[in-house]
Structures are given as structure tokens and as C-alpha cells.
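As C-alpha cells, the structure follows; a few thoughts come after it.
The values are calculated or read from the model by the stated rules, or taken from the named source; none is laboratory data. The model shown is predicted, which means the values in this text are computed figures rather than measured ones. All Cβ positions, glycine included, derive from the backbone under ideal geometry; neighbour counts span all protein chains shown. Keep in mind that these areas ignore ligands, DNA and RNA; they rest on the heavy atoms of the full protein, side chains included. Shrake-Rupley method; radii C 1.70, N 1.55, O 1.52, S 1.80 Å.
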Amino acid sequence: MIRVQDIGKSYGNLKVLKGVALEIADREIVTIVGPSGAGKSTLLHIIGSLDRPDTGEVFIDNTSIFSLNDEKLSEFRNQNIGFVFQFHHLLPEFTALENVAMPALIGGSPKKQALKEAEKLLDFMQLKHRLTHKPSELSGGEQQRVAVARALINNPKLILADEPSGNLDTENAMNLHKLFFDLREAFGQTFIIVTHNEELANMSDVRIVIKDGRIENRIENRKL
């Protein structure tokens, strides 16, 4: 499903990624691990089209994403990629329901339909009793589940997560990790997750180890 070819990226004189290449199959849950500064988040942002590489290409379902113009790339990202970050980036003035519906509304879905889909997702996340609550009224674990529901609203094929459990306690982190596998079973998405959490890395189908801007190892934990 995803093919990364010879990705290079520098910021000034600092080479962050040095010819990274990898392939990820449909429905795989892949973790990217390695020391801080190794290039993990930069690679994730490039796969998600949030940043452009200096060299190389990224193919998602045989689409060379950086061959698209800005408008087409934005549309492709909205429809095909969902993002979950360590800091939830929920909009504080909107309810949980409105936050989840936002990407669908941006994508042009009718408001009634977007809110209906958002409610179904929050019900799946066991948050139906929190629809009208604003982020400040939710716990950290609840906020992250709202953020995951928001990433799913357009039914994307690919979910990218950057340290999604980094700010959660042990129990909420494990619940979130289990949720990713439940979502894969329910909706069939592919997940790429940057993490320092060893338990999550060991749970994943594939663990990619990055060091000094290069892939050092690819560990097959299990086959689908």
C-alpha cells in the first residue's frame, strides 16, 4: 500500500533522513522506533505529505503524492490520511462531536451527515456520553480517543500517529494501543506509529528501527 523510495531530507546543514526506503502492506500496524533525533517524526510527516522531501518519492496506493499540486495534495490528504498526535490539537471552543466532524466538514460533507458519522465513531470509542463536552471537560485518555475518532471521520486508508500515548498514564496508554488493533479489525486501516513505547512496538506487526536518518532494522513481529 505504501512505498517510500530513497527519501532524503535536510534542514540547513543537518541531514535528517539519508536515503530511506520501505514498503508497508495494506492493514499492517507498523511502529517506527529509535532514539530522539533519528528522523522518525520527519519520516512520518513526509509519508503524511505534511512535509516535502529533498529527494525521493512516496507512493500511497500507487499515487505519487508529491507529483500532485498543492490543491490536489490537500484533497488527497483529507480523504486518505488521518493523523493522531501526542498533543491532541482539539479545538477548545468546540464540543467533542464538533471536533470529530471537522475534517468531514472541511472535505465538503453535509453537516447533518458529518455529525451523524462523528456520533457513530464516538459511540464506538465509548464516548457517546461525552458528545457535548468540550476538551477541557475531558480526561487525557478521553481527549486522545476523540482525536482518534477525528482521524477516522473520512474513513481514510492510512492512520499516522506520532507518539500517541506519550502523554497518557500506563492504563490509558494500553487502552489506546488495544484500540488501534480494534480499529484495524473494525475498519481495515493501515497504521504507522512513531513511538518510544516498547510494549506498543512489540505488539505491532512490523517494527522499523531508525538510527541516524537511516533504517537500521526491520523486525517482523507477526504476519497478518
Would you point out the residue of segment 17-35, among those that are more than 15 Å from residue 161 (Cβ to Cβ) and within 16 Å of the chain's Cα centre (by Cα), that is least open to solvent (accessible area, probe 1.4 Å)?
25
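Mind listing just one residue for me: the one in segment 119-133 that is more than 19 Å from residue 80 (Cβ to Cβ) and in a helix (DSSP H, G or I) and, of those, least open to solvent (accessible area, probe 1.4 Å)? So that I can check it myself, show each step before the final result.
Within segment 119-133, the subset more than 19 Å from residue 80 (Cβ to Cβ) is 119-120, 122-133.
Of the ones still in play, those that are also in a helix (DSSP H, G or I) are 119-120, 122-124, 128-130.
Working: 119: 68, 120: 115, 122: 1, 123: 79, 124: 84, 128: 106, 129: 120, 130: 57 Å².
The residue in question is 122.
Rundown of residues vs (1) assigned to a loop (DSSP other than H, G, I, E, B); (2) closer than 15 Å to residue 164 by Cβ; (3) under 13 Å from the mean Cα position of the chain (by Cα), yes/no style:
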{"residue": "37", "(1), (2), (3)": "yes, no, no"}
{"residue": "50", "(1), (2), (3)": "yes, no, yes"}
{"residue": "53", "(1), (2), (3)": "yes, no, no"}
{"residue": "57", "(1), (2), (3)": "no, no, no"}
{"residue": "73", "(1), (2), (3)": "no, no, no"}
{"residue": "76", "(1), (2), (3)": "no, no, no"}
{"residue": "83", "(1), (2), (3)": "no, yes, yes"}
Would it be correct to say that residue 153 is open to solvent by less than 10 Å² (accessible area, probe 1.4 Å) and within 16 Å of residue 85 (Cβ to Cβ)?
no
For segment 99-116, give me each residue that is without any contact (Cβ under 8 Å) to a residue 12 or more places away in the chain and not in a loop (DSSP other than H, G, I, E, B).
105, 111, 112, 113, 116
So the check is Cβ under 8 Å with 6+ separation or different chains; which pairs have a first residue in segment 147-175 that's on the phi > 0 side of the Ramachandran plot and of a type outside the set (Val, Ile, Thr) and a second one that's outside any loop (DSSP other than H, G, I, E, B) and open to solvent by less than 10 Å² (accessible area, probe 1.4 Å)?
163/194
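For segment 146-170, enumerate the residues that are modelled with pLDDT under 80 and farther than 30 Å from residue 59 by Cβ. Explain how you work it out, then say what you get.
Pass one, segment 146-170, residues modelled with pLDDT under 80: 164-169.
Matches in segment 146-170: 167, 168, 169.
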May I ask you to list the residues in segment 85-102 that are under 19 Å from the mean Cα position of the chain (by Cα) and loosely packed, with under 14 Cβ neighbours inside 10 Å?
87, 89, 91
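Pull up segment 213-224, narrow it to residues that are within 19 Å of residue 180 (Cβ to Cβ) and at pLDDT 85 or above, then point me to the one that is least open to solvent (accessible area, probe 1.4 Å). Before you say what the answer is, go through the steps one by one.
Narrowing segment 213-224 to residues within 19 Å of residue 180 (Cβ to Cβ): 219-224.
Imposing the further condition that a residue be at pLDDT 85 or above reduces the set to 219-220.
Working: 219: 49, 220: 84 Å².
Filtering segment 213-224 for residues that are within 19 Å of residue 180 (Cβ to Cβ) and at pLDDT 85 or above, the one least open to solvent (accessible area, probe 1.4 Å) comes out as 219.
Yes/no per residue for (1) closer than 30 Å to residue 6 by Cβ; (2) touching a Ser or Thr at 6+ places or on another chain (Cβ under 9 Å):
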{"site": "45", "(1), (2)": "yes, no"}
{"site": "69", "(1), (2)": "yes, no"}
{"site": "80", "(1), (2)": "yes, yes"}
{"site": "90", "(1), (2)": "no, no"}
{"site": "95", "(1), (2)": "no, yes"}
{"site": "125", "(1), (2)": "no, no"}
{"site": "132", "(1), (2)": "no, yes"}
Please work out which one of (1) in contact with an Asp or Glu (Cβ under 9 Å, 6 or more places away or on another chain); (2) at negative phi; (3) surrounded by fewer than 18 Cβ atoms within 10 Å (Cβ to Cβ) is the condition residue 73 fails and give its number.
(1)
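Residues checked against (1) closer than 30 Å to residue 15 by Cβ; (2) among the aliphatic types (A, V, I, L, M); (3) surrounded by fewer than 21 Cβ atoms within 10 Å (Cβ to Cβ):
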position: 141; (1), (2), (3): no, no, yes
position: 196; (1), (2), (3): yes, no, yes
position: 204; (1), (2), (3): yes, no, no
position: 211; (1), (2), (3): yes, no, yes
